[in-house]
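The structure under discussion appears below in the form of structure tokens.
The values are calculated or read from the model by the stated rules, or taken from the named source; none is laboratory data. Because the structure is a prediction, the values reported are computed rather than measured. Methodologically, a virtual Cβ is constructed for each residue, glycine included, from the backbone with ideal geometry; neighbour enumeration extends over all protein chains shown.
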Amino acid sequence: MAVPEGLRGTGKLEVFEKALNLATYTITITANKKIFLPEYQGSLTDKINGAALAIYMDAWTANNILVRNAEDFAERRRLQEKAARNCNNLLALMQMAQKVFHLKLTRVKYWGEMTIGVRNLLRAWKESDYKRYAKLP
């Protein structure tokens, strides 16, 4: 029997799907040289893309750590935290981009909501891992 959408839990891989969507969306919109002007490529646009890519790659790498001991858990947790911090960095870069590139508020709102959604999923995953692995030797 199918579970109604409103009652479904978060799928384990949802964080990776959403982080991938965030990274690809970011790369796609920043490729528009009419909005993201080339003269700001090195100073701002590359940093925006770097933050979005780092979120996805750190989450991906964290997931690929087989947790067998406390050291594995600590490294996985470090990467989860780094990915969440990069979400915060991306939000700050978005604010800067809105001013510099005169981005539409609707675009920034959508992009920001995507980023906050990924950050929330990363934090929930980290908390779930803590409950699961905190007592490892």
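Let me confirm something: among L103, L91, which residue is of a type outside the set (S, T, N, Q), in a helix (DSSP H, G or I), in contact with a helix residue (DSSP H, G or I) (Cβ under 7 Å, 6 or more places away or on another chain) and farther than 17 Å from E127 by Cα? Show your work before the answer.
Numbers: L103 fails: in a helix (DSSP H, G or I).
Only one candidate passes the filter, namely L91.
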Check your understanding: Out of the range 108-137, which residues are over 16 Å from R85 (Cβ atoms), among the charged types (D, E, K, R) and crowded, with 16+ Cβ neighbours inside 10 Å?
Key -> D129
Practice item. Go through the range 73-121 residue by residue and tally those that are among the hydroxyl-bearing types (S, T, Y), more than 14 Å from the chain's Cα centre (by Cα) and closer than 19 Å to G50 by Cβ. Key: 0
Exercise for review: Give me the pairs, please: first residue somewhere in the range 56-67 and more than 14 Å from K126 (Cα to Cα), second residue anywhere and acidic (D, E) and surrounded by fewer than 16 Cβ atoms within 10 Å (Cβ to Cβ), beta-carbon distance under 8 Å, and either six or more positions apart or on two chains.
Suggested key: L66/D72
Practice item. Test R107 against the criterion of being at pLDDT 95 or above and under 30 Å from D129 (Cβ atoms), and give yes or no. Key: no
